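*Asks:* Please see the structure below; I have some questions.
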Amino acid sequence: MTMNLFNQFLSPTFLGLPLIAIALMAPCLLYPSPAPWWQSNRWTTLQNWFIGSFIKQTLSPINTKGHSWALLLATLMVFLITLNTLGLLPYTFTPTTQLSLNMAFAVPLWLATVIMGFRNSPTHALGHLLPEGTPTPLVPILIIIESISLLIRPLALGVRLTANLTAGHLLIQLVSSAAFSLLLSQTTAASLAVGLLLLLTILEIAVAMIQAYVFVLLLSLYLQENV
Amino acid sequence: MPQLNPAPWFLILVFSWLIFLALMPPKILTHQFPHEPSTLTAHKPKANSWTWAWQ
């Protein structure tokens with residue numbers, strides 16, 4: 001019966017039409033483009049502040065050549081944080097629980113940073129594979145280890161986001177079904193479970209935002225290394 | 001795990017990148033930042049001591 005718990009992550013289809021497309025459109029629908037007025041409304045002002053401060057924070061450690069990634073990083077951040085937080089509402093589907101989506105973003109973007117690094121300064125990029133001050137006998141092993149850690153980055157990036165969100169949603173479903181089934185027979189246990197559920201929901205809101213941030217932050221770090 | 005079902009993988013990739021490249025950037029780009037931040041001309045203000053007005 002544990003397989004039933006994972007059914008919430010089945011990419012939803014209705015009459016053969018994939019509903020994940022509608023779920024992916026949600027961020028576009030929630031952020032109306034700002035009008036060219038001097039004084040914008042509260043929602044637009046909030047977005048503006050968020051995008052401005054996020055880009056300032058993310059791009060300050062990166063040198064000027066990497067600043068062309070600003071739009072991509074800002075879009076990615078807004079996209080991921082919206083998808084993650086919207087998925088916490090009841091009866092919504094979180095596209096970022098799909099490994100396919102997260103890998104679809106992680107692999108090309110990581111590969112882009114690596115290719116940029118190898119094209120612009122191949123020696124510097126290869127130099128990352130050997131930390132400074134390594135004793136000579138350890139050099140071959142360390143190069144292998146560093147190469148593996150480089151190649152595992154996109155996998156880690158995608159799986160981190162997937163696993164965090166999937167685990168959170170799974171826990172919420174488990175605890176809520178426990179609370180519901182215990183409601184009439186053991187009300188005290190059920191109320192404890194509801195308390196746990198409240199704390200869990202708060203945690204999941206935090207995790208949703210943090211994981212989106214971590215994804216983009218790590219990408220900016222990979223960019224920083226290669227630019 | 002239903003996430004590992006390879007059937008919708010390509011479709012999800014195409015859809016998500018389509019929306020990420022075509023629909024989201026115009027919304028982010030239309031945000032304007034009229035005050036250009038310039039780190040070179042910024043100077044730290046003098047540290048004035050501050051206290052409540054009634055003390």
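The values are calculated or read from the model by the stated rules, or taken from the named source; none is laboratory data. A quick note: this is a predicted structure, and the numbers were derived from the prediction, not measured. Quick reminder, even Gly has a Cβ in these numbers, built from the backbone with ideal geometry, and neighbours come from all protein chains shown.
*Asks:* Determine whether segment B:26-40 contains at least one residue that is at pLDDT 75 or above, facing chain A (nearest Cβ under 8 Å) and under 28 Å from residue A:167 (Cα atoms).
*Replies:* Looking for residues that are at pLDDT 75 or above, facing chain A (nearest Cβ under 8 Å) and under 28 Å from residue A:167 (Cα atoms), one finds none in segment B:26-40, hence no.
*Asks:* Here's something else I'd like to know. Quick one: residue B:16 ticks every box in (1) among the hydroxyl-bearing types (Ser, Thr, Tyr); (2) at pLDDT below 70; (3) surrounded by 10 or more Cβ atoms within 10 Å (Cβ to Cβ) bar one, so which box is it?
*Replies:* The one condition residue B:16 does not meet is (2).
*Asks:* Still on this structure, I have one more. Out of segment A:41-61, which residues are more than 10 Å from chain B (Cβ to nearest Cβ) and touching a helix residue (DSSP H, G or I) at 6+ places or on another chain (Cβ under 8 Å)?
*Replies:* A:54, A:58, A:59, A:61
*Asks:* Inspect all residues belonging to segment A:127-144 and state whether any of them is under 26 Å from residue A:73 (Cβ atoms) and touching a helix residue (DSSP H, G or I) at 6+ places or on another chain (Cβ under 9 Å).
*Replies:* Checked against the condition, which is being under 26 Å from residue A:73 (Cβ atoms) and touching a helix residue (DSSP H, G or I) at 6+ places or on another chain (Cβ under 9 Å), segment A:127-144 yields at least one hit.
*Asks:* If you don't mind, another one. Out of the residues in segment A:81-90 that are outside any helix (DSSP H, G or I) and either in contact (Cβ under 8 Å) with a residue 24 or more places away in the chain or under 17 Å from residue B:21 (Cβ atoms) (or both), which is farthest from the chain's Cα centre (by Cα)?
*Replies:* A:88
*Asks:* List the helices (runs of 4 or more DSSP H) that sit entirely inside segment A:99-212 and contain at least 1 residues that are among the acidic types (Asp, Glu).
*Replies:* Where helices (runs of 4 or more DSSP H) fall fully within segment A:99-212 and carry at least 1 residues being among the acidic types (Asp, Glu), they are A:139-182.
*Asks:* Could you list, in sequence order, the residues of segment A:20-48 that are closer than 13 Å to residue A:98 by Cα and touching a Ser or Thr at 6+ places or on another chain (Cβ under 8 Å)?
*Replies:* A:20, A:23, A:24
*Asks:* Still on this structure, I have one more. If a residue has to be assigned to a loop (DSSP other than H, G, I, E, B), facing chain B (nearest Cβ under 9 Å) and in contact (Cβ under 8 Å) with a residue 24 or more places away in the chain to count, how many in segment A:3-21 make the cut?
*Replies:* So the answer is 1.
*Asks:* Okay, moving on. Any idea which of A:29, A:24, A:76 is more than 8 Å from chain B (Cβ to nearest Cβ), out of contact with any strand residue (DSSP E or B) (no Cβ under 7 Å at 6 or more places or on another chain), in a helix (DSSP H, G or I) and of a type outside the set (Asp, Glu)?
*Replies:* Just one listed residue meets the conditions, A:29.
*Asks:* Right, another one. Restricting to segment A:148-168, what's the tally of residues that are charged (D, E, K, R) and under 24 Å from residue A:8 (Cβ atoms)?
*Replies:* 1
*Asks:* Give segment A:57-72 a look and list any residue that's touching a residue at least 12 places away in the same chain (Cβ under 8 Å) and in contact with a Leu (Cβ under 7 Å, 6 or more places away or on another chain), or say none.
*Replies:* Within segment A:57-72, A:58, A:62, A:66, A:69, A:70 meet the criteria.
*Asks:* Which number in (1) modelled with pLDDT under 95; (2) part of a helix (DSSP H, G or I); (3) under 17 Å from the mean Cα position of the chain (by Cα) marks the one condition that residue A:93 misses?
*Replies:* Looking at each condition in turn, residue A:93 falls short on (2).
*Asks:* When you look at residue A:203, is it over 27 Å from residue A:11 (Cβ atoms), modelled with pLDDT of 90 or more and of a type outside the set (S, T, N, Q), yes or no?
*Replies:* Answer is no for this residue.
*Asks:* Then there is this: Is it the case, given these coordinates, that residue B:11 is part of a helix (DSSP H, G or I), at pLDDT below 90 and either exposed (fewer than 12 other Cβ atoms within 10 Å of the Cβ) or in contact with a Pro (Cβ under 9 Å, 6 or more places away or on another chain) (or both)?
*Replies:* Yes; evaluated as a whole, the condition is true for this residue.
*Asks:* Can you find, within segment A:46-101, the residue that is surrounded by the fewest Cβ atoms within 10 Å (Cβ to Cβ) among those that are among the aromatic types (Phe, Trp, Tyr) and out of contact with any Phe, Trp or Tyr (no Cβ under 7 Å at 6 or more places or on another chain)?
*Replies:* If we take residues in segment A:46-101 being among the aromatic types (Phe, Trp, Tyr) and out of contact with any Phe, Trp or Tyr (no Cβ under 7 Å at 6 or more places or on another chain), then A:91 is surrounded by the fewest Cβ atoms within 10 Å (Cβ to Cβ).
*Asks:* Report whether or not residue A:34 is farther than 27 Å from residue A:112 by Cα and facing another protein chain (nearest Cβ under 8 Å).
*Replies:* Yes, satisfied.
*Asks:* Among (1) away from chain B (no Cβ under 11 Å); (2) in contact with a His (Cβ under 9 Å, 6 or more places away or on another chain); (3) among the polar types (S, T, N, Q), there is one condition residue A:68 misses while meeting the rest; what is its number?
*Replies:* (2)
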